[in-house]
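What follows draws every value from the coordinates through simple rules; no lab data is involved. Computed from a prediction, not measured in an experiment: that's the story for all the values here. So basically every Cβ, Gly included, is an ideal-geometry build from the backbone, and we count neighbours across all protein chains shown.
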């Protein structure tokens, strides 16, 4: 826990020294930081695009393969989107409370 306070103190010290700079020096520092900010933004966008491409390619294939490989447990065929009660592993229990 002491490390957290140490890093927080260093951050506050850096923040104070940064705000102590004149406006033109902060402007130059910001201009020099722009390439790093753009690289960070582009890498985040690249991760999101690769995740979207992964999902766009695999989800339809998964659904098609799931439809082709899953067979009903009984002779009855359930309508699309409806799970048969027997295949879910649950049993229906009637309960009667007597007072």
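Annotations
- Note on 58, 69: ascending count of other Cβ atoms within 10 Å places them as 69, 58, the fewest first.
- Cut-off 18 Å (backbone N to label point 7 Å along Cα→Cβ of residue 56), residues of segment 1-40: none
- Multiplying the residue separation of residue 33 and residue 91 by 0.36 nm and removing their Cα-Cα distance gives an extension gain of 14.6 nm.
- Radius ratio Rg over Rh of segment 2-69, counting only Cα atoms, Kirkwood formula for Rh: 1.38
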